[in-house]
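The values are calculated or read from the model by the stated rules, or taken from the named source; none is laboratory data. Keep in mind that this is a model prediction, so the values were computed, not measured. For neighbour counting, all protein chains shown are included, and Cβ atoms are generated from backbone atoms with ideal geometry for every residue, glycine included.
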Amino acid sequence: MTKKKPLVVVTRKLPAVVETRMRELFDARLNLDDTPMSQAALVEAMKTADVLVPTVTDKIDAGLIAQAGEQLRLIANFGNGVDNIDVASAVQRGITVTNTPGVLTDDTADMTMALILAVARRIAEGARIITDDEWAGWSPNWMLGRRITGKRLGIVGMGRIGQALARRAAAFGLSIHYHNRRRLDSRIEEALDATYWDSLDQMLARMDVVSVNCPHTPATYHLLSARRLKLMKPDAILVNTARGEIVDESALSRMLEAGELAGAGLDVFEHEPAVNPRLLKLARQHRVVVLPHMGSATHEGRADMGEKVIVNIKTFMDGHKPPDRVLPSML
Ligand SMILES: O=CC(=O)O
């Protein structure tokens, strides 16, 4: 007798190659027109699915998890960050949670480096000048940015993405500094030629560029608070490709408006897809470069993320521990 295929509800449209494979392996309920699921549709999915595949745009909170049917055993997130899921509530209810680490490391590190360069070298502003037909010709004192070679980069969160950024930034001549919950193994630290700062406050005060690369958890919410942002040098740049909630956006806007910080590059925001109007104004004045949460957005990355989701579901359904299980203790 053939085993009944698990009912897998996917909340958003995924790459075609992923959806095709999901249809072969599972009783897959796909979101073909990619409209984000309503709360009612999410509740229905929780009540009927064996496996839910949400993304960063779905808030799977304790209230929703409390409505899960008995059969829901796995939430296989299409994404690395799991701050959209109340992992502790899920696990308490016997639901396993998985994510997609590793496959978006390089793409996100690339985008972080791109934002550092974009802010320091005024790339978005220069491109706009051309497309708005405002270029009157080259001149020695025009569109001057900041040299990044020889400057100090402070990485907040030295996991996979932080380390991938460190390798890229070193090639651009930046010296590498980091703050992390746990100090890296000395061999890794040496290979990266990275200086560890036990005190985030002290590191912030000495960096020319600060990059946020830690996960968003209750412990990192507003980690870059008004007080900490004020520690940064006025000619420093802040870049965030992790999660908007880690930086106090209002405090950051205030400092940029007051000229207490040179610039910022932001791929993520506190209330996505809404962007703080003050940040938008700053972006129009070219003191901030803003991007619409596209750090991991490559064709290859999305296909790889889908493959990870499939492997997690398949392994779990075959009765084994899925490779990317997330436990509350990891957060
Ligand atoms: O932001 C994207 C992710 O966490 O996968």
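The residues listed here are ASN276, ASN312; of these, the one that is out of contact with any helix residue (DSSP H, G or I) (no Cβ under 9 Å at 6 or more places or on another chain), touching a residue at least 24 places away in the same chain (Cβ under 8 Å) and under 23 Å from THR217 (Cβ atoms) is ASN312. Here VAL119 meets each of (1) within 16 Å of the ligand (Cβ to nearest atom); (2) in a helix (DSSP H, G or I); (3) surrounded by 21 or more Cβ atoms within 10 Å (Cβ to Cβ) with one exception, condition (1). Answer yes or no as to whether THR100 is surrounded by 24 or more Cβ atoms within 10 Å (Cβ to Cβ) and within 12 Å of the ligand (Cβ to nearest atom). For THR100, the condition - surrounded by 24 or more Cβ atoms within 10 Å (Cβ to Cβ) and within 12 Å of the ligand (Cβ to nearest atom) - is met. Only residues that are crowded, with 23+ Cβ neighbours inside 10 Å, within 18 Å of the chain's Cα centre (by Cα) and not polar (S, T, N, Q): list them for the stretch 218-242, please. Once the filter is applied, which keeps residues that are crowded, with 23+ Cβ neighbours inside 10 Å, within 18 Å of the chain's Cα centre (by Cα) and not polar (S, T, N, Q), the stretch 218-242 yields LEU224, LEU238, VAL239, ALA242.
How many residues are in contact (Cβ under 8 Å) with a residue 40 or more places away in the chain, in a loop (DSSP other than H, G, I, E, B) and touching a Ser or Thr at 6+ places or on another chain (Cβ under 9 Å) if we restrict to the stretch 257-271? So the answer is 1.
Of the strands (runs of 3 or more DSSP E) contained entirely in the stretch 1-104, those carrying at least 1 residues that are modelled with pLDDT of 95 or more and over 14 Å from VAL309 (Cβ atoms) fall at 7-10, 27-29. If you go through the stretch 238-273 and keep only what is within 16 Å of the ligand (Cβ to nearest atom), in contact with a helix residue (DSSP H, G or I) (Cβ under 9 Å, 6 or more places away or on another chain) and under 15 Å from ALA226 (Cβ atoms), you end up with VAL247, GLU270. Among the helices (runs of 4 or more DSSP H) confined to the stretch 166-256, the ones with at least 1 residues that are touching an Asp or Glu at 6+ places or on another chain (Cβ under 8 Å) are located at 226-231.
Scanning the stretch 32-88 for residues that are touching a His at 6+ places or on another chain (Cβ under 8 Å) and of a type in the set (A, V, I, L, M) returns a single hit, VAL56. What tally of residues in the stretch 170-182 results from selecting those that are surrounded by fewer than 15 Cβ atoms within 10 Å (Cβ to Cβ) and closer than 18 Å to THR220 by Cβ? Residues that pass the stated criteria total 2.
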